[in-house]
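These notes are about the structure you will find just below.
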Amino acid sequence: MGCSSGKLCLYSQCAAARREEALKQRKELSQELVNLRGELA
């Protein structure tokens, strides 16, 4: 992405990619939580 991983990236393209990745992870975690709740029920 062209930015150093240790610093906050302010480039919009990079920020959009990070946001997209975060949303994807959130969706996966939400689905995992639903699955775990189903196993416990």
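Each reported figure results from applying straightforward, stated rules to the coordinates on display, with no laboratory input. None of these values were measured; they are calculated from a predicted model. Methodologically, a virtual Cβ is constructed for each residue, glycine included, from the backbone with ideal geometry; neighbour enumeration extends over all protein chains shown.
Sum up the charges of everything whose Cβ sits under 14 Å from the Cβ of E20, counting Lys and Arg as +1 and Asp and Glu as -1, but leave E20 out.
Details: positive: R18, R19, K24, R26, K27; negative: E21, E28.
Around E20, the surrounding residues sum to +3.
The gain in end-to-end length when the R18 to E39 segment is fully stretched comes to 4.4 nm, 0.36 nm per residue minus the alpha carbon separation. Couplings 3J(HN,Hα) for segment 23-35, derived from phi with the Karplus relation 6.51 cos²θ - 1.76 cosθ + 1.60 (θ = phi - 60°), are 5, 5, 5, 5, 5, 5, 5, 4, 5, 5, 5, 4, 5 Hz, where x marks Gly and Pro.
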